[in-house]
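The values are calculated or read from the model by the stated rules, or taken from the named source; none is laboratory data. Everything quoted here is computed from the prediction, not taken from an experiment. Don't worry about glycine lacking a Cβ; one is built from the backbone with ideal geometry, like all the others, and counts go over all protein chains shown.
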Amino acid sequence: MRGIRGLAVVTDPPESAGSLADRALAHVDELYGLAHHLCGNAADAEDLVQDTYARALAGAARFEDGSNLRAWLFRILRNCFIDRARRRNVVLEIPDDTLDATVVDCSPDQLRYLTAVEVERAIAALPVEFRFVIYLDVEGFTEAEIADIVRCPAGTVKSRLSRAKARLRVLLGGSK
Amino acid sequence: MTDEADRLIDAALRDHARVPAPARLKRKLAATYQRRERRWLAPALSGVGGAVAAALAVWLIMRGTAPTAPPPGDELASLDAATEAVGDHQRVLGARGLGVVASDMHQVKPWFAGKLDFVPPVSFLGDDEFPLHGGDVAVFRGHKAAAFVYGARLHVISLFVYEAAPGDAAAADEHTIRGFHVTTWTTGGTGFALVSDVNWDDLRRLRNRLSQ
């Protein structure tokens with residue numbers, strides 16, 4: 001047995017997990033990107049990604065060959081993030097999924113030359129659940145896949161994406 | 001108008017939302033999980049014969065196949081350089097002007113003569129995608145360093161060239177600090193730190209041109 005930064009205990013994975021580890025490690029940049037936006041600092045983001053791999057590879061036997069490895073890893077990262085928030089007594093904002101997006105118009109000129117700093121700040125200002133859907137959308141997941149990762153109906157994902165983008169329009173449109 | 005705004009926001013997210021994992025995290029994960037695979041391999045090799053297994057192990061290590069964790073000093077040095085580069089880049093952005101403003105490297109490099117203790121080994125002259133804007137003398141890790149400023153559309157990219165410290169890693173490392181992307185590497189005793197708010201694809205493309 002082997003501990004990872006004192007947060008998770010990893011048992012040696014079964015032999016069949018060898019190639020799974022390699023394939024899983026190929027997604028570290030994508031997972032870290034989401035962790036970065038969820039945690040807001042590098043140290044916590046690295047811990048979260050390490051927790052994710054520890055949990056994923058300890059439970060490698062539960063991964064079904066042929067299923068979506070990326071989605072599986074993102075789902076585990078989400079679970080790890082929620083568990084960490086609970087341990088720290090952090091209350092995550094639950095968005096009201098019955099609300100419609102408010103369409104806000106803003107000048108495209110304001111949005112044409114956005115910098116990484118402005119985008120990062122705007123994402124950080126979103127509720128956590130909005131950050132999940134926005135980032136998973138950037139990573140190319142379909143609404144159905146995002147729904148499977150965040151465990152909510154596809155209609156809810158669609159609504160959250162729409163509202164998250166509406167908020168980004170306000171945050172980024174007014175950032176210049 | 002809203003469709004156009006959505007399209008621009010989507011483009012900005014694609015360009016800037018992705019943040020690569022630090023090299024130290026990748027090394028740590030590889031060392032943790034890939035080492036196990038080698039441990040499973042060992043009993044199989046012992047059946048082939050101790051000498052063959054040992055020779056194979058030596059060969060793997062010589063080829064660098066086995067992940068080796070670099071000394072912790074490498075990681076700290078890379079992060080230190082990246083953090084300093086971001087601060088210096090912000091000073092470049094806020095400065096009223098550069099020491100030398102020229103798009104011709106043959107004007108910029110000679111300008112450094114007598115101002116630095118070394119000749120900055122930068123041969124990329126700039127091109128249509130990354131035009132050279134000029135250069136200046138910066139102070140990097142307490143020593144004089146060369147700052148080259150390139151453009152990318154409306155963005156500014158700073159390249160700091162400095163004398164590398166013994167702990168600096170040769171391989172390119174990448175960091176995102178306060179939204180700025182930074183990549184550092186060393187070649188032949190010279191350290192390079194490239195920093196900007198452009199997306200990673202642009203920054204890596206410029207790094208490749210500088211490394212050629």
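For the stretch B:158-172, how many residues meet the condition of being in contact with a helix residue (DSSP H, G or I) (Cβ under 6 Å, 6 or more places away or on another chain), at pLDDT 85 or above and not polar (S, T, N, Q)?
Count: 1.
Answer yes or no as to whether B:Thr176 is under 17 Å from A:Thr115 (Cβ atoms), of a type in the set (Val, Ile, Thr), surrounded by 17 or more Cβ atoms within 10 Å (Cβ to Cβ) and in contact with a helix residue (DSSP H, G or I) (Cβ under 9 Å, 6 or more places away or on another chain).
Values: under 17 Å from A:Thr115 (Cβ atoms): yes; of a type in the set (Val, Ile, Thr): yes; surrounded by 17 or more Cβ atoms within 10 Å (Cβ to Cβ): yes; in contact with a helix residue (DSSP H, G or I) (Cβ under 9 Å, 6 or more places away or on another chain): yes.
In short, yes.
From (1) in a helix (DSSP H, G or I); (2) closer than 20 Å to B:Ser196 by Cα, pick out the condition that doesn't hold for B:Lys109.
So the condition that B:Lys109 fails would be (2).
Among the numbered criteria (1) surrounded by 12 or more Cβ atoms within 10 Å (Cβ to Cβ); (2) at pLDDT 85 or above, which single criterion is violated by B:His106?
Unmet condition: (1).
Sort through B:Gly114, B:Gly167 and tell me the only one that's part of a loop (DSSP other than H, G, I, E, B), surrounded by fewer than 13 Cβ atoms within 10 Å (Cβ to Cβ), out of contact with any His (no Cβ under 6 Å at 6 or more places or on another chain) and among the small types (Gly, Ala, Ser). I'd like the intermediate steps shown before the answer.
Numbers: B:Gly167 fails: surrounded by fewer than 13 Cβ atoms within 10 Å (Cβ to Cβ).
After ruling out the rest, the residue left standing is B:Gly114.
Filter the stretch B:117-147 down to residues that are among the aromatic types (Phe, Trp, Tyr) and either modelled with pLDDT of 85 or more or not in a strand (DSSP E or B) (or both) and give me whichever is nearest to B:Leu210 (Cα to Cα).
If we take residues in the stretch B:117-147 being among the aromatic types (Phe, Trp, Tyr) and either modelled with pLDDT of 85 or more or not in a strand (DSSP E or B) (or both), then B:Phe124 is nearest to B:Leu210 (Cα to Cα).
Can you work out which of the residues in the stretch A:111-129 that are within 9 Å of chain B (Cβ to nearest Cβ) and surrounded by fewer than 17 Cβ atoms within 10 Å (Cβ to Cβ) is modelled with the highest pLDDT?
Looking at the filtered set, the residue picked out is A:Arg121.
For the stretch B:83-97, what are the residues that are surrounded by 15 or more Cβ atoms within 10 Å (Cβ to Cβ) and either over 23 Å from the mean Cα position of the chain (by Cα) or modelled with pLDDT under 80 (or both)?
Within the stretch B:83-97, just B:Val92 meets the criteria.
Can you pull out every residue in the stretch A:93-110 that is modelled with pLDDT under 65 and assigned to a helix (DSSP H, G or I)?
Matches in the stretch A:93-110: none.
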